[in-house]
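Taking it in order: structure first as structure tokens, then the write-up.
The values are calculated or read from the model by the stated rules, or taken from the named source; none is laboratory data. Only a predicted model underlies this, so the values are computations on that prediction, with no experimental measurement involved. In this analysis, Cβ positions are derived from the backbone assuming ideal geometry, glycine residues included, and neighbour counts consider all displayed protein chains. Just so you know, the surface numbers come from the protein's heavy atoms only, side chains and all, with ligands and any DNA or RNA stripped out. Shrake-Rupley method; radii C 1.70, N 1.55, O 1.52, S 1.80 Å.
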Amino acid sequence: MSRKVLIAGNWKMNGLIKGSQALAKEIALATKSLKPQAEVLVCPPFTLLTTVKKALRGSRVMLGAQDCHMEEKGAHTGDVSPYMLKDAGCDYVILGHSERRTDHKESSALVKAKAESALKAGLKVIICVGETLDERNKGKALSVTEKQVKDSLPDGATASNTVIAYEPVWAIGTGKTATPQDAQEVHAHIRKVLAQKLSKSVATRMRILYGGSMKPQNASELLNEEDIDGGLIGGASLKAEDFMTIVSKAK
Ligand code: 13P
């Protein structure tokens, strides 16, 4: 079963209007000329969504946000609803990133509620899961990610509206990457869990991305693994050349 590779850039809390316009334009231009096999997605902070949307115009690079609230609207100071993201031109929203699970104490139940609301708003969701170093050292990588997948997966998830991202917490921003074999082991396990929870056919078609210090030097070997269907790229997505090199590795 061939799954279309997705390479997504998570810009996190980086970027001002000027530099981001240039970055998005470079990515749009390179995508037009390279005509990569992969789908390409960039997820800038909320303040840059409109700017980046404009800069991507005419290209097939998609736009995503990094979080949303679970309600459609109302008295939630500082929050952004999935309907607002859709209105701003987003295709995707990342949910349950470990930085949000840690910094904002987000539970899997909350991630699930947000994801269900995002699907209702017409967005696609990227649900992030992954173990800490302590959990890995205790041999709990599979059980922790399994529980996160089971508890965070929205009702109504299909292979076309939901993507899973496996991001081992200890590999994020540290320069330490999971070995392709370690990542593949977790990805294969996640696919098994998806088959139990959804169906074999949906699990076979649902994409599972790897995230955590993915860069031009290690992208090929990770993307070559059978159950790794793309990448969620942090640091390396802030430089067009690095990001597009990763995009070009996708088969
Ligand atoms: P880095 O690529 O900077 O390790 O970040 C990964 C990540 O958290 C993407 O969501």
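For region 134-163, which positions are within 16 Å of ARG100 (Cβ to Cβ) and either of a type in the set (A, V, I, L, M, F, W, C) or within 16 Å of the ligand (Cβ to nearest atom) (or both)?
GLN148, SER152 - these are the residues of region 134-163 that are within 16 Å of ARG100 (Cβ to Cβ) and either of a type in the set (A, V, I, L, M, F, W, C) or within 16 Å of the ligand (Cβ to nearest atom) (or both).
For every residue, the table says whether it meets (1) in contact (Cβ under 8 Å) with a residue 24 or more places away in the chain; (2) touching an Asp or Glu at 6+ places or on another chain (Cβ under 7 Å); (3) farther than 26 Å from LYS150 by Cβ; (4) not small (Gly, Ala, Ser).
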position: LYS18; (1), (2), (3), (4): no, no, yes, yes
position: LYS25; (1), (2), (3), (4): yes, no, yes, yes
position: ALA38; (1), (2), (3), (4): yes, no, yes, no
position: GLN66; (1), (2), (3), (4): yes, no, no, yes
position: GLU71; (1), (2), (3), (4): yes, no, no, yes
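Could you say whether any residue in region 36-47 is part of a loop (DSSP other than H, G, I, E, B), polar (S, T, N, Q) and within 16 Å of the ligand (Cβ to nearest atom)?
No, that holds for no residue.
Quick one: in region 181-219, which of the residues that are over 22 Å from GLU99 (Cα atoms) and within 16 Å of the ligand (Cβ to nearest atom) is most open to solvent (accessible area, probe 1.4 Å)?
At the first step, the residues of region 181-219 found to be over 22 Å from GLU99 (Cα atoms) are 181, 184-185, 188-189, 191-206, 216-219.
If we keep only those that are within 16 Å of the ligand (Cβ to nearest atom) too, we end up with 216-219.
Details: PRO216: 28, GLN217: 146, ASN218: 14, ALA219: 0 Å².
Taking the candidates together, the pick is GLN217.
Looking only at region 12-35, which residues are of a type in the set (A, V, I, L, M, F, W, C) and assigned to a loop (DSSP other than H, G, I, E, B)?
Of all residues in region 12-35, those of a type in the set (A, V, I, L, M, F, W, C) come to 13, 16-17, 22-24, 27-30, 34.
Hits for region 12-35 are MET13, LEU16.
Can you pull out the residues in region 215-227 that are in contact with a helix residue (DSSP H, G or I) (Cβ under 6 Å, 6 or more places away or on another chain) and without any contact (Cβ under 8 Å) to a residue 40 or more places away in the chain? Show your work before the answer.
Of the residues in region 215-227, the ones in contact with a helix residue (DSSP H, G or I) (Cβ under 6 Å, 6 or more places away or on another chain) are 215-216, 219-223, 225, 227.
Answer for region 215-227, where residues must be in contact with a helix residue (DSSP H, G or I) (Cβ under 6 Å, 6 or more places away or on another chain) and without any contact (Cβ under 8 Å) to a residue 40 or more places away in the chain: LYS215, PRO216, ALA219, SER220.
Within the set of pairs 6+ apart or on separate chains, which have a first residue in region 228-249 that is within 14 Å of the ligand (Cβ to nearest atom), a second that is of a type in the set (Asp, Glu), and C-beta atoms under 8 Å apart?
Cβ pairs passing all conditions: GLY230/GLU39; LEU232/GLU167; ALA236/ASP242.
Need the failing condition index for GLY9 against (1) within 27 Å of PRO216 (Cα to Cα); (2) assigned to a loop (DSSP other than H, G, I, E, B); (3) within 16 Å of the ligand (Cβ to nearest atom); (4) not aliphatic (A, V, I, L, M), just the number.
For GLY9, the exception is condition (2).
In region 11-56, how many are of a type in the set (S, T, N, Q) and open to solvent by less than 10 Å² (accessible area, probe 1.4 Å)?
From region 11-56, those of a type in the set (S, T, N, Q) are 14, 20-21, 31, 33, 37, 47, 50-51; that's our starting set.
Filter once more, keeping what is open to solvent by less than 10 Å² (accessible area, probe 1.4 Å): 20, 31.
Looking only at that region, the number is 2.
Could you pull out every one of the strands (runs of 3 or more DSSP E) wholly within region 64-170 that has 3 or more residues that are open to solvent by less than 50 Å² (accessible area, probe 1.4 Å) and either more than 25 Å from VAL40 (Cβ to Cβ) or in contact with a helix residue (DSSP H, G or I) (Cβ under 7 Å, 6 or more places away or on another chain) (or both)? Show your work before the answer.
Working: elements: 92-95, 124-129, 162-166.
It comes to 124-129.
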